[in-house]
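Here's the structure we're looking at; comments come further down.
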Amino acid sequence: MTTALITHMECLGHLTPPGHPEQVARLEYILDVLQSVDLTRVDAPLANHQDLLRVHPQTHIDAVIKSIPQSGYRAIDGDTHMSLGSYTAALRAVGGVLQAVDMVMAQTVQNAFVATRPPGHHAERETAMGFCFFGNVAIGAKHALNHHGLKRVAVVDFDVHHGNGTQDLLWDEPGILFFTSHQSPLWPGTGTPDETGAHDNIVNIPLPPHSDGADMRAAYERLVFPRLEAFEPELILVSAGFDAHGSDPLAELNWVEADFAWLTKWLMSLAKRHAKGRLVSVLEGGYDLQALASSVKVHVETLSEIAK
């Protein structure tokens, strides 16, 4: 089987103000660097409101729609902006995750990388924040439970910022085990080890500033992989942020491309043992364009090599 690349050109229509780190060029760099990789390429469909309602109330959806400007940009907060094309892009981002879950469940592909924007792991139940409008990965995880009838889904978030939104959306979901490693202290200031969820289903792994890939590997070997093995997930979803790279301007971790490849291989080996190899990776952060592109490439090439 192959690896799917799921994306859509309408995700380039989510415009942010000049100088904003979550910029159109992020996706352009990624798609350019992946041109040479042998992938099954699929357009991300539009999610519908019922998909969004898996984790968000109608009031939140309405608030996002009301924030769409007819021109220029509208600030939802100091970090999060909307343009005329942002809502459509956000629906493509959610739809891409759902399409990826459906494809790996149908075993038409082994695994998938969803290259869309805006990202999603900071969006809380009723709050758009941190460049995010909807909980893309959380919606995909709930879709796997409710639509595909899975009992155990794991979500692993290695973005440098705490996945506060995913944590909020999955706090009371016993069928989903959520791991999030992140620099601490760092925005948004949440993600301490005592935040464990209503069913001991949240695992927060704070990493100190200036720590590197060796520190990350030790933390995952101690705190993540044993819990994943015991949980025996039927599907693994990954919030793949690449802003832990040492070149990223928004944080202070010192991972390199080989660290992302190492972590990808481990997650794929766990998926192979417990989930028939089913893994869906979803783009989150990463704001140095060259480091983002090179890190995504090794991540996707690793997925593709294992899928063969």
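The values are calculated or read from the model by the stated rules, or taken from the named source; none is laboratory data. This one's a predicted model, so the numbers in the text were calculated from it and none came from an experiment. Note: ideal-geometry Cβ built from the backbone for every residue, glycine included; neighbour counts use all protein chains shown.
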Output the residue which, of all residues in region 169-188 that are without any contact (Cβ under 8 Å) to a residue 60 or more places away in the chain and touching a His at 6+ places or on another chain (Cβ under 8 Å), is nearest to ARG152 (Cα to Cα). PRO174
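Take LEU253 and decide whether it is buried (at least 24 other Cβ atoms within 10 Å of the Cβ), more than 18 Å from the chain's Cα centre (by Cα) and not acidic (Asp, Glu).
Details: buried (at least 24 other Cβ atoms within 10 Å of the Cβ): yes; more than 18 Å from the chain's Cα centre (by Cα): yes; not acidic (Asp, Glu): yes.
When the stated conditions are applied, LEU253 passes them.
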Output the qualifying pairs, or none if there are none: Cβ atoms under 7 angstrom, residues six or more apart or on different chains, first residue in region 210-226 and under 19 Å from PRO185 (Cα atoms), second residue at pLDDT 95 or above and among the hydroxyl-bearing types (Ser, Thr, Tyr). MET216/SER181; ALA219/SER181
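Filter region 252-266 for residues that are in a helix (DSSP H, G or I) and either touching a Ser or Thr at 6+ places or on another chain (Cβ under 8 Å) or among the β-branched types (Val, Ile, Thr) (or both) and give the result.
Narrowing region 252-266 to residues in a helix (DSSP H, G or I): 257-266.
Across region 252-266, the qualifying residues are GLU257, PHE260, ALA261, THR264, LYS265.
Residues ASP212, ASP243, ASP288: which one is surrounded by 24 or more Cβ atoms within 10 Å (Cβ to Cβ) and charged (D, E, K, R)? Even if it seems obvious, please write down each step before you answer.
Values: ASP212 fails: surrounded by 24 or more Cβ atoms within 10 Å (Cβ to Cβ); ASP288 fails: surrounded by 24 or more Cβ atoms within 10 Å (Cβ to Cβ).
Answer to the check: ASP243.
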I'm trying to understand the selection: among the residues of region 273-300, which are touching a strand residue (DSSP E or B) at 6+ places or on another chain (Cβ under 9 Å), assigned to a helix (DSSP H, G or I) and not aliphatic (A, V, I, L, M)? HIS274, SER294, SER295, HIS299
When you look at LEU169, is it buried (at least 21 other Cβ atoms within 10 Å of the Cβ) and either over 17 Å from LEU279 (Cβ atoms) or within 18 Å of the chain's Cα centre (by Cα) (or both), yes or no? yes
When (1) surrounded by fewer than 24 Cβ atoms within 10 Å (Cβ to Cβ); (2) not in a helix (DSSP H, G or I) are applied to THR116, the one that fails is (1)
ASP159 passes all but one of the listed conditions (1) among the acidic types (Asp, Glu); (2) touching a helix residue (DSSP H, G or I) at 6+ places or on another chain (Cβ under 7 Å); (3) under 24 Å from THR116 (Cβ atoms); the exception is number (2)
Any chance region 59-82 includes a residue that's outside any strand (DSSP E or B), among the small types (Gly, Ala, Ser), under 23 Å from THR7 (Cβ atoms) and touching a residue at least 24 places away in the same chain (Cβ under 8 Å)? no
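Give the number of residues within region 128-148 that are in a loop (DSSP other than H, G, I, E, B) and touching a helix residue (DSSP H, G or I) at 6+ places or on another chain (Cβ under 7 Å).
We begin by selecting, within region 128-148, every residue in a loop (DSSP other than H, G, I, E, B); these are 128, 130-131, 133-135, 147-148.
Now drop any that are not touching a helix residue (DSSP H, G or I) at 6+ places or on another chain (Cβ under 7 Å), which leaves 128, 133-135, 148.
So the count comes out to 5.
Suppose we keep only residues that are among the acidic types (Asp, Glu) and surrounded by fewer than 14 Cβ atoms within 10 Å (Cβ to Cβ) within region 1-42. Which one would you say is nearest to CYS132 (Cα to Cα)? Outline the logic, then answer.
Filtering region 1-42 for residues among the acidic types (Asp, Glu) gives 10, 22, 28, 32, 38.
Filter again for surrounded by fewer than 14 Cβ atoms within 10 Å (Cβ to Cβ), leaving 28, 32, 38.
Working: GLU28: 19, ASP32: 24, ASP38: 30 Å.
Out of the qualifying residues, it is GLU28.
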In region 60-104, the residues that are more than 18 Å from the chain's Cα centre (by Cα) and of a type in the set (A, V, I, L, M): ILE61, ALA63, VAL64, ILE65, ILE68, ALA75, ILE76, MET82, LEU84
Among the candidates ARG125, ARG152, which residue alone is closer than 24 Å to GLU232 by Cβ, charged (D, E, K, R) and in contact with a helix residue (DSSP H, G or I) (Cβ under 8 Å, 6 or more places away or on another chain)? ARG152
First in region 127-142 and surrounded by fewer than 24 Cβ atoms within 10 Å (Cβ to Cβ) and aromatic (Phe, Trp, Tyr), second anywhere and modelled with pLDDT of 95 or more and not in a strand (DSSP E or B), Cβ under 8 Å, 6 or more apart: none
Which one is modelled with the lowest pLDDT among residues in region 1-20 that are in contact with an Asp or Glu (Cβ under 9 Å, 6 or more places away or on another chain) and outside any helix (DSSP H, G or I)? THR2
Starting from region 35-57, keep only residues that are over 21 Å from MET9 (Cβ atoms) and in contact (Cβ under 8 Å) with a residue 24 or more places away in the chain, then list their pairs with residues that are of a type in the set (Val, Ile, Thr) and surrounded by fewer than 20 Cβ atoms within 10 Å (Cβ to Cβ) whose Cβ atoms are within a distance under 7 Å, requiring at least 6 positions of separation or different chains. LEU52/ILE61
